[in-house]
Every structure is written in C-alpha cells, then in structure tokens.
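Beneath this line is the structure, given in structure tokens, with notes to follow.
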Amino acid sequence: MSQSAGLPVVPSFEESLANTSHSAVHLEMRDAYGVGGESSGFARWLRTGERNNDPDSDYWRDWVQMIRATVDRGVVIRRARIVSEPVTDYIRYEHGGTNVNLASGELIRWLPRRLASDIALPGNDFWLFDGKIVVFNHFTGAGDWAEPPKELRTEAEVAKLCSAAFEAVWARAIPHEKFSV
C-alpha cells in the first residue's frame, strides 16, 4: 500500500471494486448528504418532484455499468441504510432513486434508526470489500465531503467491527421493496 504524508493512499472506488473478489457492502447512516455530484439533482427534485431514474442517462450510466460488470463476475453488492423516521426529504429522494441501484444488481435494505440502538456501529459510513478492506467516508455536518474525504483501514479488528455492524443491520433491515417512505 503506498503512502502519502504518512497516510495510506485510498484507491479509487473503481479500483477497489475491480480488486474485489466476492463481496462489497456499504453502510449509510446519515439522514442527509450534500455531496457535490448529487446536490443539483436533489435541489431539482425538491422544486419539481422529478428524479432522474434512467439507468442509461449520463448521470447513472457509469455507475450502472460498473456495478453490473462487478455483479456479473460474481461479487455480491449489498447496501444498508439506517434512517430516522419520519424520513428526511433527502431520504425520500434517495429512496426514489434506489430502483436504479437495484436494477444494477445491488441488494438494498433500510433500517429505522430506532431499531439500531443496540448495534455497535462505527462512527462513519463505510464500504467493506471482501470482509477485509474498509474505506470510511468522512462528511461535514452539512453532508458534503470532509477533508480528507476517505480513510483506508486494513486492520483485522476494524474490518471485523464493520462486518459485524453491517451484518447486524442487514439481519434487521427491511428489503427496499417493503420499505415505504
């Protein structure tokens, strides 16, 4: 693993997924995100109620192709979202676009926050690749990327914490098709 200023260099998401052989899981725990690439679509949805759900659109195409190719080579991709209820506008927006994630091959579940009180959760959202490589996502209070935006961790105890947290959430969470906002 290369280093920059003493910190491990975090591979791109595309590289991480390309190097994954059997599983990638993503745990999301915020009620709102304000990351640059989504902010204009979210603002439009707030104004008009319209959301881009076309998997072939410029917005989705690269993601859909990458996820489909990864799933086609046998990698299982699961995403769990812990949300407060009633849900925020952002979560309603996110829920409205989840059909594209599902069509790409992701499996997605939702867990009401009140059902997560006794689960030991890490402090940040994360991706866990093959049960051993964790990439934490760091956000500001407003939901935009913090600096540094990502943190790579490969210690066995960190991977074990994230795996146990994800599996506990997944076991309780509601499949997307049955979760209404």
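Here is how the numbers come out for the structure above:
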read-out: Convex hull projection area averaged over all views, the chain, Cα basis, nm²; value: 10.7 nm²
read-out: Relative contact order [Cα under 8 Å, 6+ residues apart], the chain, whole percent; value: 28 percent
read-out: Pairwise label distance in nanometres, K132 with D62, each label 7 Å out on the Cα-Cβ vector; value: 2.9 nm
read-out: Share, in percent, of DSSP beta bridges within region 67-181 that are antiparallel, nearest 5; value: 65 percent
read-out: Set of lysines with alpha-carbon distance to K132 below 24 Å, sequence-local pairs under 8 removed; value: K150, K160
read-out: Computed over region 123-181, Kirkwood Rh from alpha-carbon pairs, angstrom; value: 12.9 Å
read-out: Spin-label pair A164/S21, simplified geometry with 7 Å Cα→Cβ offset, distance in nm; value: 2.5 nm
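Throughout, read-outs are computed from the coordinates displayed, never taken from laboratory work. It should be emphasised that the depicted structure is a prediction, and the values quoted were computed from it without experimental measurement. All Cβ positions, even for glycine, are placed from backbone atoms using ideal geometry, and neighbour counts span all protein chains on display.
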